[in-house]
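The values are calculated or read from the model by the stated rules, or taken from the named source; none is laboratory data. This is a predicted model, so every value here is computed, not measured. Positions of Cβ are backbone-derived with ideal geometry, glycine not excepted, and every protein chain shown enters the neighbour counts. The accessibility values were calculated without ligands, DNA or RNA, using every heavy atom of the protein model including side chains. Shrake-Rupley method; radii C 1.70, N 1.55, O 1.52, S 1.80 Å.
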Amino acid sequence: MLPEPEADALAASAMLLERMRRELKGGGNWIGFARYMELALYAPGLGYYAGASAKLGAPGDFATAPEMGTLFARTLARQVAQLLQPGEAILEFGAGSGALAEALIGELETKHYLILETSAELRTRQEARLGTRAQWIDRLPEHFRGVMLANEVADAMPAHALAWRAHGIMERGVSEIGGKLSWAERPASGELLAAARRIEVPVPYESEIGLVGRAWMKLLAARLERGALLVIDYGFPQREYYHPQRAMGTLMCHYRHRAHGDVFFHPGLQDITAHVDFSALAQAARDGGLEVLGYANQAQFLVNCGITEVLEREDPADAARYAPKAAEAQKLLSPAEMGELFKVLAVGRGAQRPLLGFARGDRSHTL
Ligand SMILES: C[S@@+](CC[C@H](N)C(=O)[O-])C[C@H]1O[C@@H](n2cnc3c(N)ncnc32)[C@H](O)[C@@H]1O
């Protein structure tokens, strides 16, 4: 059983439901799942990332790598330093609480740290934390030179939900039935159908396609004049993503540190995510003229970047300081935690190769 939200949170969720009902009415009692996810996460003032509830860290719903301590950021900094040329900027997408930005700015002593954040609420929190050490931008610059970072951002982009059935390929969406939001299917069409047809799965099969993520990647590719983008997230190459055994898809919800699969649980109060299809992102990058610079699991990437040397800077005799760092390293690297499920994809233009983080165990060939 999931914990029951407070009364004010329930009231906010009820307002978001009203907003969804209006949209359902306009669409003949149906909206695609991607639109539902967009509203649930980003509806102004009411969506999960757009509302005022705590999201990240201990009191929130989940903890990301930068939230666990500075080890991740200090190790990632080594890769960023290799890629960054004098005078170039770092651009972080979806900076959450600002933890990664704070640690990277400290480590790299950079004056050019840009943040592009879609959530007004999180941007306010980031501004309070970082002050003048970062600059916030509302849209992607026309031309960018430097390093772009997206940690656990791609999984938060609205995903389209599909069902491959004996009678055809369906888009999964949402209807209100008997006063409750429920899954409902319609024949898929257009770009979504074309993308779904290219994927071979046994029937019946349900999964997601990240059209929004692909479009995001194409736009970045067009704007990145020189440098690289590092996408860090949980996901797989296409062959594993659409594996016959993953016939229920990858949608996952987080509420108060519990992961579950009920996407209709109090919309606006819980996180909803889809795993990342890294093959699709890599293809979108290539279509936009970028090169794939490397792809590895998080553990391999961090070890290549020298996480053990970063850890060695701590004194093991100082148990009070060392023990939490060792625990953090364990979470980041263990295959049972973030080490294997999380991947790092690097794409770019004009970047000097080989990249530090992919010196060993590069799995680009699996994309
Ligand atoms: C799961 S949180 C991760 C936050 C942070 N990167 C971390 O690792 O702790 C997802 C973040 O991505 C932001 N976001 C989602 N889509 C975005 C987009 N297209 N551009 C920029 N930020 C986005 C959300 O508002 C939120 O800050």
Dipole magnitude of the range 125-273, debye to nearest 20 (Cβ charges: Lys/Arg +1, Asp/Glu -1, about Cα centre): 260 debye
Partner aspartates and glutamates for Lys343 [C-alpha distance under 14 Å; skip if fewer than 8 residues away on the same chain]: Glu152, Asp155, Asp233, Glu240, Asp277, Asp362
Probe 1.4 Å, all protein chains present, accessible-area order of Glu109, Glu225, largest first: Glu109, Glu225
Cβ-placed point charges (K, R +1; D, E -1), dipole of the range 102-186 about Cα centre in debye, nearest 20: 160 debye
Dipole of the chain, positive end: most advanced residue of Thr70, His266, Gly146 [Cβ charges, Cα centre]: Gly146
Antiparallel %, DSSP beta bridges [both residues in the chain], to 5: 60 percent
Whole-percent carbon and sulfur share, accessible surface of the range 172-271, 1.4 Å: 52 percent
Solvent exposure of the chain as accessible area per residue, Å², 1.4 Å probe: 44 Å²
Accessible surface of the range 12-128 [probe 1.4 Å, protein heavy atoms]: carbon and sulfur percent: 57 percent
Rounded if a/c under 1.5, otherwise prolate or oblate - the range 263-334, Cα gyration tensor axes: oblate
On Cα atoms only, tilt of 319-333 relative to the major axis of the chain in degrees: 50 degrees
GNM result for the chain, Cα springs below 10 Å: residue of Gly190, Gly235, Gly131 fluctuating most strongly: Gly190
Most mobile of Val174, Val310, Val147 in a GNM of the chain (Cα contacts under 10 Å): Val310
Under 22 Å from Lys180, Cα to Cα: lysines that are on another chain or at least 8 residues apart: Lys25
Potential lengthening between Ala14 and Arg165 on full extension [0.36 nm per residue; Cα-Cα distance subtracted]: 51.0 nm
Simple Cβ-charge dipole of the chain, Lys/Arg +1 and Asp/Glu -1, about Cα centre, in debye nearest 20: 780 debye
Computed [θ] at 222 nm, deg cm²/dmol, the chain (DSSP H ≥ 4; -39,500 (n - 2.57); rounded to nearest 500): -10500 deg cm²/dmol
The range 208-367: C-alpha gyration tensor shape, a/c 1.5 cut-off, then a/b vs b/c: oblate
Of Ala73, Ala161, Ala195, the one that fluctuates the most in a GNM where the chain has Cα springs shorter than 10 Å: Ala195
Qualifying aspartates and glutamates (Cα of each under 18 Å from Cα of Lys111; at least 8 residues distant if same chain): Glu88, Glu92, Glu102, Glu127
Gap separating the Cα centres of the range 120-135 and the range 164-194, nearest whole Å: 39 Å
Relative contact order for the range 298-367, counting Cα pairs under 8 Å that sit 6 or more residues apart, in percent: 47 percent
Heavy-atom accessible area ranking, 1.4 Å probe, most first, across Val212, Val203: Val203, Val212
